[in-house]
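The structure appears below as C-alpha cells.
Each reported figure results from applying straightforward, stated rules to the coordinates on display, with no laboratory input. Quantities reported herein were computed from a predicted structural model and do not represent experimental measurements. We place every Cβ from the backbone using ideal geometry, glycine too, and count neighbours over all the protein chains shown.
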Amino acid sequence: MADDWGMLLFRHLIDAGIEEAEAGELTDDALAEAAAAGVEPGSMYGPALTYAGALARTVRQATRHAAPPPRRRDAIVLRLRNVTKRYRRRQVLREVNLDLRAGEVAAVIGANGSGKSTLLNICAGLTRASSGTVQRTERIGYAPQHEGVAPLLTPAEHFRLFGAACRMNRKEAVSVGSQLAAQLGWRPRRNVVASHLSGGTRQKLNVVLSELNGPDLILLDEPYQGFDQDSYVDFWDQVFRWRNGGAGVLVVSHMLHDLDRVDHVLELQPVGES
C-alpha cells in the first residue's frame, strides 16, 4: 500500500511541475515520516493527488521565501560601529567594529565574560547598545546558546509556529524544516516534545529555526553545544553552504582550530568595571 501511494505521489508531483530529483526526495520524506509514525501514508496525508497538489504549492512558496533574488557578494548585511554596552557600573563591550558582507563568515571569540552573547543579542535587536550604531539587513535568523525552544512543543510545531511568522503555510514550514534538519543529520520524530530531546538535538532545532526563512544574516551563539563529532562537522558544512549561498554568518565559537576557515575573526576582550 505504501509503495503504491508513494509511486502515485511521485507521478503527481512530476505532473505538477516538480523536478524529478526533488519529487523523489519529497516522496521519500513522506514515506519515512509515515513509517516512523507506524501508519499508512494515505491515512496520514490523504489521497496522493491531493497531497501532491499541496506539496507543489509548498515548494513554490518555499522557493519565494527561501530563495530571494541573488545577493550581491559585496553587500553589507551587518555593520557595527563603535558599539558599546554598559550595565550600570559594569561595561561589557567597548567600541566594537565589524563589517560583514553577504557570502562571508565571521567568528566571534573571547574569554568568558567578554560580551560575546551580549554582542549577538545586540546584533539580533534583542538588546540595545549603550552607544554606537548597528546596521543590519531585514532578513535575519538567530540561534541563541541557551533556551530558544518551547519545551512542550514538538519540532514540527516549532516549524509551524516560526513559519507562520515568515508567512509560510503549515505544510510548507514542516517540509522546509524537515529538509533543513536532514542536512544536520537529524530526522525529527513525531510527537516528541523539545523537553525530551537531547541537548545537542535541541541545539539542532535552534539552528534549523534560525534558517527557516532563508535569512540574509544568520547569528549563531555556540549552537553546537552537545553535538557529537559527526554533528559538529555537519554544522560547519552547513555554515559554509550558507556562505556559498550568499548569506552572511556571525558565529560565536571557542573552537580555535576552525578559525582558518572563516573570513573574519572578531576577538573580544573583557572590559570589567569602570
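So here's what we get for this one:
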item: For 146, 12, order by how many other beta-carbon atoms lie within 10 Å, fewest first; result: 146, 12
item: Between 0 and 90°, nearest 10: helix 170-183 axis offset from the chain longest Cα axis; result: 70 degrees
item: 50, 127 arranged by Cβ crowding within 10 Å, fewest neighbours leading; result: 50, 127
item: Cleavage-rule hits (GluC sites (Glu not before Pro)) in segment 75-169: DSSP loop, at most 11 neighbouring Cβ within 10 angstrom; result: 138, 147
item: Value of relative contact order over the chain, rounded to a whole percent, pairs C-alpha under 8 Å and six or more apart; result: 25 percent
item: Beta bridges by DSSP in the chain, antiparallel share as percent, to the nearest 5; result: 45 percent
item: Set of lysines with alpha-carbon distance to residue 204 below 29 Å, sequence-local pairs under 8 removed; result: 116, 171
item: Debye-sum result for the chain in log10 I(q)/I(0), which assumes one identical scatterer on each alpha carbon, at q = 0.07, 0.10 Å⁻¹; result: -0.29, -0.56
item: Whichever aspartates and glutamates have a C-alpha closer than 15 Å to that of residue 85, once near sequence neighbours (fewer than 8 apart) are set aside; result: 95, 273
item: Surface/4 estimate of mean projected area, convex hull on alpha-carbon atoms of segment 202-274, nm²; result: 6.2 nm²
item: Dipole magnitude of the chain about its Cα centre (Cβ charges: Lys, Arg +1; Asp, Glu -1), debye to nearest 20; result: 1560 debye
item: Sequence of 208, 262, 251 once ranked by neighbouring C-beta atoms within 10 Å, starting from the fewest; result: 262, 251, 208
item: Residue-count net charge about residue 20 - beta-carbon cut-off 14 Å; Lys, Arg +1, Asp, Glu -1; result: -4
item: Loop-resident sites, segment 1-39, for GluC sites (Glu not before Pro), counting at most 12 other Cβ within 10 Å (DSSP); result: 19
item: For segment 98-173, alpha-carbon Rg and Dmax in angstrom; result: 15.4, 43
item: Of the trypsin sites (Lys or Arg not before Pro) in segment 174-274, those whose Cβ has at most 16 other Cβ within 10 Å and which sit in DSSP loop; result: 189, 190
item: Rounded, prolate or oblate (a/c below 1.5 giving rounded, otherwise prolate when a/b exceeds b/c) for segment 129-222 by Cα gyration tensor; result: prolate
